[in-house]
Amino acid sequence: MASATIEGPERKHRFFGGRQGAQRRFVAAVLSPALAYMAVFLLLPIGWAFVLAFFDFSPRRTGSPFLGLGLDNPFVGLEHFTRMFDFSKTAPLEVRQFHTALKVTLLFAFIVVPLNLAITLPLAAMVESVRGRWKVLYRTVFFLPVLTSAVGVAIIWLFVLHPQRGLLNGVISRVTGRFTATAWTTDPDLLFLGVPIALFAIIVAYLWQDIGFNLVIFIAALQAIPDSVKDAARVDGASAWQTFRYITLPLLKPTILLASVLTMISAFQVFDLFQVMTMGGPGDQTRALSLDIYESAFRYQRMGWAAAVSVVLFLLVFTISIVQSRFLRPNWEY
Amino acid sequence: MTRRLTRWQAFGVALLMLGSACTFGAEDTGGPDGGGTAAPDEPVTLRIWTHQNKSFNQGLKDLAAEYEAANPNVTLEFDTFDYDSYIQTLQTALPAGTEADILQMFGTWTCSYADNLSPVPADISSLADAQSAFFEAPIGGYTCDDALYGFPQEFNIEYGATLLNTATADAAGVDASAGWASWDEFMADAKTLTETRDGVITRTGYHFTSADALVYSFFSLILQGGGQFLADDGASFTIDTPEAREAIALMQSMVDEGIIDPELFNDTANWVGDCYFEEACAMGLVGPWVVPEYSTDFPEVAAATEYVALPTLSGTPDFVADSGWGLTVSANSPAQNVAWDFVRFMTLDPVNAAAWNTATGTLPALKTNGEGTAQQELIADYPHFEAWFPILEHGQYVGNLPDRDLLWYEIAYPHLLSVLQGGESVEDALAAMESEANDTFR
């Protein structure tokens with residue numbers, strides 16, 4: 001039986017020749033720069049981080065000629081990961097700081113995501129119910145903080161929360177008639193339900209900046225719901241709340257999934273607010289994983305350890321995103 | 001089969017190219033012994049790496065121009081990096097052997113890079129000569145295992161004298177310009193200078209609880225109490241000592257006396273420089289470099305500022321200091337003799353060294369420039385130096401620590417601050433600091 005396979009130059013000619021070939025050439029030409037960019041600046045560093053996680057690597061030390069690995073930067077296998085399970089009081093400082101950072105990051109993410117959704121969803125419904133130019137104005141006002149630099153946001157909130165000259169303490173002093181200088185971001189004894197107030201300060205700053213993003217997503221999703229579905233519910237006697245609860249909300253499930261996954265990923269990656277507002281303090285109470293990775297890698301040159309922590313962060317985000325998509329996956333589409 | 005082989009070969013070549021592109025130190029630079037000697041009149045171009053500091057670099061360039069005029073065959077090219085980039089550049093370039101011929105180095109870092117640096121040639125200076133020419137603290141950083149790897153240009157100092165706002169002191173009826181005979185006297189004045197409102201400190205009498213201030217205070221007070229924190233062989237810490245307890249007790253007493261509230265005044269809130277120049281601190285512990293930084297924005301406070309020597313525990317003002325910025329030569333430089341000649345010109349020539357100190361507003365590392373006419377000239381230019389000169393000879397180099405920043409900012413400062421804030425007992429803090437500090441030798 002004769003083979004139909006086209007080999008060598010002929011196949012190449014067929015692949016890139018003709019009308020379809022021209023299309024393929026166009027696609028390849030358009031995509032190549034982006035793919036090359038991704039390969040060099042995304043995939044290569046990710047792969048390098050995974051490799052480093054198995055080495056006790058520090059750029060301060062002299063490694064072998066091959067990528068600086070080996071010699072004074074030895075292969076340690078899973079040692080970094082096994083050390084992460086040392087929960088004793090005598091565990092090395094970086095291990096204890098990792099435990100703290102993991103706790104802080106989880107706490108931050110699991111507070112931020114529901115709060116964000118609880119604020120943005122009703123707000124989006126309210127903005128959507130506004131008619132005319134006011135809707136555009138509200139949408140713009142709420143979206144503006146998203147465009148602001150996170151460092152700028154952090155500095156503004158530090159000004160608001162400054163113990164002696166801050167707006168918040170100023171208002172409290174006015175209201176109580178007694179000079180107040182609460183150190184919102186630096187007093188380690190300030191806790192609410194066991195959560196450091198300093199962490200809440202960052203959460204507030206984060207939400208202030210971030211809600212506009214989800215708000216726009218929810219507004220777009222609300223606009224996409226056909227009026228006929230809601231009209232049918234009203235005809236059946238559903239109240240405004242019932243329409244929202246039993247019609248709008250279920251139809252928004254895919255958007256809620258998208259928003260919660262995006263917010264969760266972004267919450268795990270927040271760095272600038274932690275770095276500028278508290279530098280991880282007071283006493284590591286706001287040391288997030290991203291800050292921990294940065295400090296380990298670039299301040300103390302423990303690249304191998306930092307890479308291992310970043311692998312954990314990656315796995316964490318990946319797992320939580322999968323779990324979220326399982327739980328929030330809609331059973332039907334419209 | 002042939003095609004598959006070709007693909008695998010291509011893949012292998014690509015891997016090899018990638019590997020060689022990313023290889024650290026693959027290029028044969030001669031390694032640590034690969035440096036060379038340029039013939040006397042042979043044209044030589046030396047690259048010099050520095051961190052970005054306007055006055056530091058201008059001072060270097062002015063003297064470099066003089067050197068080039070005197071040595072027409074030598075061309076000096078400068079590359080500057082911002083501080084963070086410079087650290088990372090040194091960390092990656094030195095193991096890779098791609099660094100410049102002359103490297104500006106913070107003394108305390110030097111021994112971390114010693115494997116890739118050229119030892120000072122005997123005809124430039126012996127270790128003993130350098131130790132007698134320079135103050136102990138600055139030269140300490142450039143001395144690694146009894147070998148010398150460069151020379152300091154400045155004495156980096158953070159402890160020994162405090163900023164004093166004389167206008168605030170005058171208004172409060174405090175005359176502190178003559179200094180204090182004891183800590184009790186100091187604390188009495190600090191308390192007078194402290195202002196409160198509804199029980200909250202609005203102006204602290206003495207701010208010593210930012211990171212550097214607190215850690216330098218702690219280790220310096222240990223020295224003044226007759227103790228040490230680093231073993232003689234430099235390979236272990238002993239921090240849980242009676243002298244350490246005494247140091248903490250003194251600092252704690254200032255908190256108890258209401259001179260400072262460490263929750264309101266620390267490294268994050270009301271950092272000492274901001275606090276002092278915004279007049280929320282009457283006195284503050286920070287090196288003399290801070291005055292030029294703030295004098296443009298706060299000219300009135302700067303004009304009212306004096307440095308006054310702090311009292312001591314034992315009568316001698318012993319203190320801990322880092323080694324300052326200086327110059328080193330790469331082991332890979334092909335013209336090490338010329339590079340060292342330039343470093344000698346910059347650092348060992350008292351006139352040039354003093355010119356750089358004057359241009360940069362730094363305290364001298366050379367002992368001869370810390371006395372006599374050179375000292376008077378520096379004081380005339382920088383009156384804030386006056387309180388520091390008498391104590392320079394008492395500075396002890398902090399030691400070639402495995403990771404100085406880790407000890408300072410992740411171990412000592414958090415524990416000391418926590419003790420002062422009431423979050424940790426002295427015993428627990430000292431035990432934890434000792435254990436964590438010794439872990440850094442792992």
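The values are calculated or read from the model by the stated rules, or taken from the named source; none is laboratory data. As the structure is a prediction and not an experimental result, all values here were calculated from the model. Glycine gets a Cβ as well: all are built from the backbone with ideal geometry, and neighbour counts include every protein chain shown.
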Practice item. Determine, yes or no, whether A:T120 is under 25 Å from the mean Cα position of the chain (by Cα), crowded, with 16+ Cβ neighbours inside 10 Å and hydroxyl-bearing (S, T, Y). Key: yes
Point to revise | Residue check for B:L223: under 30 Å from B:L348 (Cβ atoms), aliphatic (A, V, I, L, M) and either in the same structural domain as B:E263 (by TED's automatic domain parsing) or outside any strand (DSSP E or B) (or both) | key: yes
Review point. Given the residues A:A109, A:A150, which is the only one that is surrounded by 17 or more Cβ atoms within 10 Å (Cβ to Cβ), more than 17 Å from A:I197 (Cα to Cα) and not β-branched (V, I, T)?
Key: A:A150
Check your understanding: So A:L249 fits all but one of (1) over 23 Å from A:F213 (Cα atoms); (2) over 13 Å from the mean Cα position of the chain (by Cα); what number is the exception?
Key -> (1)
Check your understanding: Does at least one position in region B:230-251 carry a residue that is closer than 30 Å to A:R178 by Cβ and among the acidic types (D, E)?
Key -> no
Exercise for review: Considering only region B:348-370, state which residues are under 16 Å from B:W388 (Cβ atoms) and hydroxyl-bearing (S, T, Y).
Suggested key: B:T358, B:T360, B:T362
Review point. Filter region A:32-81 for residues that are within 11 Å of chain B (Cβ to nearest Cβ) and of a type in the set (D, E); which is surrounded by the fewest Cβ atoms within 10 Å (Cβ to Cβ)?
Key: A:D72
Point to revise | Enumeration of residues in region A:162-192 that are within 9 Å of another protein chain (Cβ to nearest Cβ), touching a residue at least 12 places away in the same chain (Cβ under 8 Å) and under 21 Å from B:Y276 (Cβ atoms) | key: A:P163, A:Q164, A:A181, A:A183, A:T185, A:T186
Practice item. Would you please name the residue that is modelled with the lowest pLDDT, looking only at residues in region B:85-110 that are farther than 20 Å from B:D403 by Cβ and within 11 Å of chain A (Cβ to nearest Cβ)? Key: B:A96
Point to revise | Condition check for B:G234: within 17 Å of B:H394 (Cβ to Cβ), away from chain A (no Cβ under 14 Å), outside any helix (DSSP H, G or I) and within 26 Å of the chain's Cα centre (by Cα) | key: no
Practice item. For region A:49-58, indicate whether the set of residues that are assigned to a strand (DSSP E or B), modelled with pLDDT under 95 and not assigned by TED's automatic domain parsing to the domain that holds A:V270 is non-empty. Key: no
Point to revise | Sole exception among (1) touching an Asp or Glu at 6+ places or on another chain (Cβ under 9 Å); (2) more than 30 Å from B:I411 (Cβ to Cβ) for B:G199, by number | key: (1)
Review point. Scanning region A:52-75 for residues that are aromatic (F, W, Y) and within 34 Å of the chain's Cα centre (by Cα), which turns out nearest to B:A93 (Cα to Cα)?
Key: A:F57
Review point. Any idea how many residues of region A:64-114 are within 30 Å of A:I202 (Cβ to Cβ) and not hydroxyl-bearing (S, T, Y)?
Key: 30
Exercise for review: Quick one: which helices (runs of 4 or more DSSP H) lie wholly within region B:100-182 and hold at least 3 residues that are in contact with a Phe, Trp or Tyr (Cβ under 7 Å, 6 or more places away or on another chain)?
Suggested key: B:136-140
Practice item. Kindly indicate whether any position in region B:329-338 is within 17 Å of the chain's Cα centre (by Cα) and surrounded by 21 or more Cβ atoms within 10 Å (Cβ to Cβ). Key: no
Exercise for review: Kindly indicate whether any position in region B:157-171 is closer than 21 Å to B:S295 by Cβ, within 14 Å of chain A (Cβ to nearest Cβ) and surrounded by 16 or more Cβ atoms within 10 Å (Cβ to Cβ).
Suggested key: no
**Study point:** Odd one out for A:F87 among (1) away from chain B (no Cβ under 14 Å); (2) under 28 Å from B:D405 (Cα atoms); (3) surrounded by 17 or more Cβ atoms within 10 Å (Cβ to Cβ); (4) of a type outside the set (D, E)
**Key:** (3)
Exercise for review: Count, please, the residues in region B:401-426 that happen to be part of a loop (DSSP other than H, G, I, E, B) and either crowded, with 23+ Cβ neighbours inside 10 Å or over 15 Å from the mean Cα position of the chain (by Cα) (or both).
Suggested key: 6
Study note, to complete from the structure: Taking region B:262-291 and keeping residues out of contact with any helix residue (DSSP H, G or I) (no Cβ under 9 Å at 6 or more places or on another chain) and in a helix (DSSP H, G or I) leaves B:C275
Review point. All but one of (1) over 20 Å from the mean Cα position of the chain (by Cα); (2) among the aromatic types (F, W, Y); (3) not in a helix (DSSP H, G or I) hold for B:Y307; which doesn't?
Key: (1)
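Is it true that A:A91 is of a type in the set (A, V, I, L, M), without any contact (Cβ under 8 Å) to a residue 40 or more places away in the chain and not in a helix (DSSP H, G or I)?
So A:A91 fits the description; yes.
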Check your understanding: Listed residues B:T347, B:T312, B:T328, B:T305; which is out of contact with any strand residue (DSSP E or B) (no Cβ under 7 Å at 6 or more places or on another chain) and among the hydroxyl-bearing types (S, T, Y)?
Key -> B:T312
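Only one residue in A:F318, A:F298, A:F268 is surrounded by fewer than 18 Cβ atoms within 10 Å (Cβ to Cβ) and more than 14 Å from chain B (Cβ to nearest Cβ). Which one?
A:F318
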Exercise for review: Output yes when any residue across region A:277-290 is within 10 Å of chain B (Cβ to nearest Cβ), part of a helix (DSSP H, G or I) and within 20 Å of the chain's Cα centre (by Cα), and no when none is.
Suggested key: yes
